[in-house]
Amino acid sequence: MGTFKILLPEEFSSFTITDKSYSLLIKGLPGTGKSSLALELVARSPNSFFISTRIDPEAIIEDSLWLNDLIPKDRKYPFFIDATRSGKVSENKMVQKMNFETIPEFVQQLFNLGTDLSNRIFVIDSWNAVVGNLSETQIHHWESAIVQRVQGKNDKIIFVEEGIKDSTLDWMVDGHAVLSKRSITSSYGISRRIRELSFPKMRGIEISNETYLTTLSTGRMKTFPPFKYRFPAILLKSKTIPDSDEQHISSGSADFDTLLGGGFQKGSYNFFEVSTIVGDGLDIILFPLITNHLNNKRAIISILREGITFDTKKPYYDVFTGNKNWVNQARYFERFVPGEESHRITLPKTIEELLKLIENIKENFRKENNQTILINIGLDVLENMYGIPALNEFIAILVSKARLEGDVVVGWLKENQEYRGGTTAATSHWKIDLINRALVLEGIIPATEYYAIESVLVRGYIDYTITPVL
């Protein structure tokens, strides 16, 4: 059941994992993933039957090979019931033919499936194909009869319905799930499609998140839960990810390295916009990047974002790097540094002084270790201290030198900042945002689809996965 809870929302777990009877309606336009959702809900149960009235079950099996891992091998009865009225008889042991001419015959054969089983689950995909020629009064009669029948037998029924128009089933069933697709156009004019799963009703269940971001990227239905910024319960040293080649440095995430084409290019400027509603969510990318760079024995120059101090980060990096000597590889600029510490520097009064300090630090680092230096910049603090014209000039100089010297510059911009410069100089340009409270990444340069970001905390350090939202 652990995998079930990862793939689908907690609301579904609470509603469907029960010995009690229930009726559920899944509806949506074609191609939104209704059948995939229904299969995820019932494939694991030895007492379930998937009655396909539209699509040849053999086609479903061929397109959904993952079902072989979910459907119990010791099932007493076939999982798929072919009610397509095609006349074809399958030789697949997972498929049983259902022949009917009238709705009463269909209903009778439906409830004759696995009569010796308790807590049966019936999926009718789709209900439209069964009642297409009936009047609204007749449809309502049979819907009511089926729902009452499963309640009396302590069984469960899932109706899959094409379209989003209101029907009698909407108010009759215990649960109602709607799948949809829509397009979002970014401020840069890039249009991206997303999938969503909504819960208009789940009787007896508290709905904490009414609409979820979903994907069918692997051919399976997967939803993304609301993002929560947190650290592992027990902190451990991070796994070091090596660079893919001599032209890139690792981002600290195997998934992001793949998306970047091998990691951050040496001599590049990588620009991240962060939505105001994300909060500290950007740390899910920043922590692995810095930790992995340190574990690869390279130097870092970091200008901390507004409101962030070195004191809040150091304990985590001590553990994630496995030693406390990593500070010798790092220099941190802050608005104000209490006391004398060689690795912590108070931001100077002018941005020209800051450039000189950075050049001196880079020169000293190169004497000890002539590897790529990561220059991490909180653009908000520089905008607030020096103003936008000075910041524009600072970025232009810093990026041009990084390209000549092979260093990597990463800049972090808050969405509510006035500063918008640097985008034309960016090698890669990304935005971190929330959609339906799920953390997402979108590429501006290069233009990409949305990618959902999920924390992986079980390893004891900050890690994440990136899944395309397709």
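The values are calculated or read from the model by the stated rules, or taken from the named source; none is laboratory data. Note that this is a predicted model, so its numbers are computed, not measured. Every residue, glycine among them, receives a Cβ derived from its backbone with ideal geometry; neighbour counts consider all protein chains shown.
Structure notes:
- Exclusive hit being under 18 Å from residue 467 (Cα atoms), at pLDDT 95 or above and small (Gly, Ala, Ser), set 267, 262: 262
- Within segment 308-411, helices (runs of 4 or more DSSP H) holding 1 or more residues that are in contact with a Lys or Arg (Cβ under 7 Å, 6 or more places away or on another chain) and modelled with pLDDT of 95 or more: 310-321, 351-368, 379-386
- Residue 459 falls short on exactly one of the conditions (1) in contact with a strand residue (DSSP E or B) (Cβ under 7 Å, 6 or more places away or on another chain); (2) surrounded by fewer than 16 Cβ atoms within 10 Å (Cβ to Cβ); (3) closer than 18 Å to residue 289 by Cα, and that condition is (1).
- Candidates 30, 72, 78, 46 - the one that is outside any helix (DSSP H, G or I), within 26 Å of residue 142 (Cα to Cα) and modelled with pLDDT under 95: 30
- Hits in segment 165-180 - residues which are more than 20 Å from residue 12 (Cα to Cα) and surrounded by 13 or more Cβ atoms within 10 Å (Cβ to Cβ): 167, 168
- The strands (runs of 3 or more DSSP E) located wholly in segment 129-230 that include 2 or more residues which are within 18 Å of residue 21 (Cα to Cα) occupy 156-162, 175-185, 191-202.
- Subset of segment 86-128 (residues that are touching a residue at least 24 places away in the same chain (Cβ under 8 Å), of a type in the set (A, V, I, L, M, F, W, C), assigned to a loop (DSSP other than H, G, I, E, B) and touching a helix residue (DSSP H, G or I) at 6+ places or on another chain (Cβ under 6 Å)): 98
- Only residues that are touching a Pro at 6+ places or on another chain (Cβ under 9 Å), in a loop (DSSP other than H, G, I, E, B) and of a type in the set (A, V, I, L, M, F, W, C) were counted across segment 231-269, and they come to 2.
- Remark: pairs (first residue in segment 336-347, within 11 Å of residue 310 (Cα to Cα); second residue at pLDDT 90 or above and among the acidic types (Asp, Glu); Cβ separation under 8 Å; 6+ apart in sequence or on different chains) = 344/334; 345/334.
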